[in-house]
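Enquirer: One structure coming up, written as structure tokens, with questions to follow.
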Amino acid sequence: MLTTAPTSSRHPTLRLWLFASRAVRGLAVLLALAALLAGVGATPLHAQPLPPRGRALLFPEPNFRGDPLVVDAGTVIENLEFLRNSGGRKWNDRISSVRLEGPVILVVFEDAEFRGAQATLTRDAADLSTLSLGDHHGATWDNRISSLRLEFIQPVAPNFYRWERREAERAVRAAYRDILGRDPDERGLRDYRDRLMEHGWNEAQLRDNLRLSPEFRSRDLEAIIRKVYREVLGRDPDPSGHASYLRALRNGMTEAEFRADLRHSAEFVSKAARESITRAYRDLLRRDPDPSGLAYYTKQMLERGWDENRVRESIRASDEYRHLPRR
Ligand SMILES: [Ca+2]
């Protein structure tokens, strides 16, 4: 299930992929025929083992929400600009969470044609805004993927991923930022780069190792909880929120993951929705929203995925807006 743009046939990689996909379908038909024929005569002597299956689900929203782009193992997408979802929106710079199924790794790139920063995902990522790019501007992978490859994991050749020096250093820098909240010192950068390049470590091993470091284990969790609650929700933690985040942080949750998790809470989402709706009312209708308008638009935003622009469109279509004296 790969949604394609009308312009896709002009695009060599995509055409190749579509061809491959047709070939796979053709093969399936042949196999079905062979099975039929075999059934007529005798039991086949050598049942062919099925190849390992795997796929990735790429979601437009964090926490695996929204209609995903589904890609099968072996897929190479040179430019997400040429892929659109069923609503006609381009997939470029629009992926916010990733689920991996089966023995696959996903190699993602910041730019089209496998250029720019790259990262290898070996496990689910519920929120790409918690994964730093490793550049010098503190950017994350959220809404930034422009090309990708979904590869089978080769269990017999665990070191098949060959790190370029620059990429290895980028991965170390990103992991330090995400897990320790700082840039690596010279020695840490060198040691972990060597482990990636010479000992065949992957990015997940690097990150797991940092989570076991004394520096990470001795974080001031109380201070982190107070700080993040104030930043995101503008208040002190309640006892039950405090207890559950304390547990999660002790189990290795990073500060960025904590912040992202709170940003997905009903409290934050409805607070943000209320702010958007109030802004739209003041701009367009020159008044604050009444309770029923606020309730209606909050529902549309939380349950039907409306954004502020969609709210504004709807307000512009209202009688009140149309009858407003023009400035
Ligand atoms: Ca991009």
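Values quoted throughout were computed directly from the atomic coordinates according to the rules given, and no laboratory measurement underlies them. Just so you know, these numbers come straight off a predicted model, no measurement behind them. Note: ideal-geometry Cβ built from the backbone for every residue, glycine included; neighbour counts use all protein chains shown.
Enquirer: At q = 0.27 Å⁻¹, work out log10 I(q)/I(0) for the stretch 267-322 with the Debye formula, treating every Cα as an identical point scatterer and leaving solvent out; two decimals please.
Expert: Debye intensities relative to I(0), on a log10 scale: -1.15.
Enquirer: What is the order of I105, I153, fewest Cβ neighbours within 10 Å to most? Let's see the in-between values first.
Expert: On the way: I105 23, I153 18.
If I rank by nearby Cβ atoms, fewest first, I get I153, I105.
Enquirer: Another one. Going by how many other Cβ atoms sit within 10 Å of their own, how do D142, D290 line up, fewest first?
Expert: Working: D142 20, D290 11.
Fewest to most other Cβ atoms nearby, the residues stand as D290, D142.
Enquirer: Another question, then. Which trypsin sites (Lys or Arg not before Pro) does the stretch 176-213 hold that lie in a coil by DSSP with at most 15 other beta carbons within 10 Å? Mind showing how you got there, number by number?
Expert: Working: sites: R177, R182, R187, R190, R193, R195, R207, R211; in loops: R182.
Sparse-neighbourhood loop trypsin sites (Lys or Arg not before Pro): R182.
Enquirer: In which sequence would T140, T122 go, from the one with the fewest C-beta neighbours within 10 Å to the one with the most?
Expert: Values: T140 20, T122 16.
Fewest-to-most Cβ neighbours within 10 Å comes out as T122, T140.
Enquirer: Here's another thing I want to ask about it. Run the Debye formula on the Cα coordinates of the stretch 221-264, all scatterers equal and no solvent, and tell me log10 I(q)/I(0) at q = 0.22, 0.29, 0.31, 0.32 1/Å.
Expert: Values returned for q = 0.22, 0.29, 0.31, 0.32 Å⁻¹ are -0.63, -1.15, -1.32, -1.39.
Enquirer: By the scheme Lys and Arg +1, Asp and Glu -1, what is the net charge of all other residues having a beta-carbon under 10 Å from that of S97? Kindly include the intermediate steps, with their values, before the conclusion.
Expert: Details: positive: R65, R99; negative: E61, D124, D127, D142.
So the surrounding residues net to -2.
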